[in-house]
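Right, one structure below, let's go through it.
The values are calculated or read from the model by the stated rules, or taken from the named source; none is laboratory data. For clarity, every value in this text was computed on a predicted model and none was experimentally measured. So basically every Cβ, Gly included, is an ideal-geometry build from the backbone, and we count neighbours across all protein chains shown. Remember, those area values only see protein heavy atoms, side chains included, never the ligands or the DNA or RNA. Shrake-Rupley method; radii C 1.70, N 1.55, O 1.52, S 1.80 Å.
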Amino acid sequence: MDTSTVHTVHPSPLGDLLLTGTVSPDGLTLTSLGMPGQRGAPAVRPHDRDDAPFAEAHRQLDAYFAGRRTRFTLPLAATGTPFQRAVWQAVEDIPYGTTATYGELAARLGVPRAELRAVGRALGANPLLLVRPCHRVIGADGTMRGYAGGVERKRWLLTHEGALQPALM
């Protein structure tokens with residue numbers, strides 16, 4: 001099957017989001033969604049930018065940031081190890097407006113407490129921020145732990161979703 005890799009940029013309250021995907025005769029499959037300054041973000045070539053295949057992704061992201069969408073329904077690339085995919089699926093099951101701790105997520109997956117860091121590493125390897133909402137996973141004490149897009153963006157996302165109260169200035 002003939003495929004090509006393309007990317008686009010989506011303006012957002014968090015900064016310009018970088019979306020990459022593969023286009024085939026069946027349409028676009030999203031391979032990554034990253035944030036400015038994110039570690040591990042894919043390198044893209046300017047001549048591979050093509051906004052048109054991402055029209056639905058743009059619509060869904062606009063609706064999310066406007067507060068009209070709580071879940072994404074985009075075709076996603078099946079990347080990662082079987083363990084990473086299991087963690088990412090469990091994260092997708094955390095409802096909008098709520099959080100789960102790393103320990104709760106590990107328990108849902110049957111991961112022993114001694115292996116909790118493996119869950120954190122799998123979350124850190126998530127190439128599809130927002131779409132796979134790893135920002136909804138927090139420390140057992142309620143603190144914001146690592147997030148590939150940055151802890152301030154994690155806090156913003158959780159406040160946007162209503163899981164955190166806005167901070168008084």
**Asked** Just one of the numbered conditions (1) in contact with a helix residue (DSSP H, G or I) (Cβ under 8 Å, 6 or more places away or on another chain); (2) in a helix (DSSP H, G or I); (3) small (Gly, Ala, Ser) is not true of ALA57; which one?
**Response** (1)
**Prompt:** So, of the residues in segment 142-161 that are touching a Ser or Thr at 6+ places or on another chain (Cβ under 9 Å) and in a loop (DSSP other than H, G, I, E, B), which turns out to be least open to solvent (accessible area, probe 1.4 Å)?
**Reply:** GLU161
**Prompt:** Right, GLY142: modelled with pLDDT of 95 or more and either over 14 Å from the mean Cα position of the chain (by Cα) or aromatic (Phe, Trp, Tyr) (or both) or not?
**Reply:** no
**Request:** Filter segment 98-141 down to residues that are β-branched (Val, Ile, Thr), in contact (Cβ under 8 Å) with a residue 40 or more places away in the chain and buried (at least 20 other Cβ atoms within 10 Å of the Cβ) and give me whichever is farthest from ALA57 (Cα to Cα).
**Result:** VAL137
**Message:** For segment 95-129, give me each residue that is out of contact with any Leu (no Cβ under 6 Å at 6 or more places or on another chain) and part of a loop (DSSP other than H, G, I, E, B).
**Reply:** PRO95, TYR96, GLY97, THR98, THR99, GLY110, VAL111, PRO112, ALA125, ASN126, PRO127
